[in-house]
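Inspection log for the structure reproduced underneath, given as structure tokens.
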Amino acid sequence: MRFIGNSEAKTDVKGRVFLPSVFRKILAASGDERLVMRMDPFQPCLTLYPESVWNETLDSLRNRLDRWNSRHQMIFRQFVNDAEIMELDSNGRFLIPRRYLQKAGISQKVRFIGMDDTIEIWGCENVDSAFMAPEEFAGALELTMREELKPLPSPTRREGAPA
């Protein structure tokens, strides 16, 4: 499943918002009916995980952490503590709890951004901080892609081996 693009929406007075139809269609095609929402650990936005992606993410995190290491347990606890299961109503809406709206700095207007297998929800007032200036983006993308395309070193030939 791949979420791409972005869409603006408004929350109602209760904090309900419509998940954009393009994202609902992708979610329905994947068979995932529930979403898990949590505050993004790096940015002032919310992240929606389809339940299957959330489960894969949790498995990946759990496999990297030692249950007998107290710091690892704190990391895992904090990651799952701030998560909540969301279900869309028959109209395609879900409720963003007030505490999440406050943490993400969302007043009323939101922007949904497809981020491959997750969806970010930004307050329109602070979404610009999610992006680089065009020139910075072009340079960073070029550098990143060049790093990926570096040729592998050729195998070392042994003396006396045929060329």
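Structure values in brief
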| read-out | value |
| --- | --- |
| Filtered residue count, the stretch 114-134, keeping only those that are in contact with a helix residue (DSSP H, G or I) (Cβ under 7 Å, 6 or more places away or on another chain) and either under 18 Å from Leu27 (Cα atoms) or touching a residue at least 40 places away in the same chain (Cβ under 8 Å) (or both) | 5 |
| Among (1) touching a residue at least 60 places away in the same chain (Cβ under 8 Å); (2) out of contact with any strand residue (DSSP E or B) (no Cβ under 8 Å at 6 or more places or on another chain), the one test that Arg64 misses | (1) |
| Residue within the stretch 118-140 that is in contact with a strand residue (DSSP E or B) (Cβ under 7 Å, 6 or more places away or on another chain), modelled with pLDDT of 90 or more, at positive phi and of a type outside the set (Ser, Thr, Tyr) present | no |
| The stretch 67-91 residues that are polar (S, T, N, Q), paired with ones that are in a loop (DSSP other than H, G, I, E, B) and open to solvent by less than 100 Å² (accessible area, probe 1.4 Å) (beta carbon under 9 Å, 6 or more apart) | Gln73/Leu65; Gln73/Asp66; Gln78/Pro41 |
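The values are calculated or read from the model by the stated rules, or taken from the named source; none is laboratory data. In this text, all values refer to a predicted model and were calculated from it rather than measured experimentally. Cβ coordinates were reconstructed from backbone atoms using ideal geometry, including for glycine residues, and neighbour counts include every protein chain displayed. The protein model used for the area step is the full one, side chains on, heavy atoms only, and it has no ligands, DNA or RNA in it. Shrake-Rupley method; radii C 1.70, N 1.55, O 1.52, S 1.80 Å.
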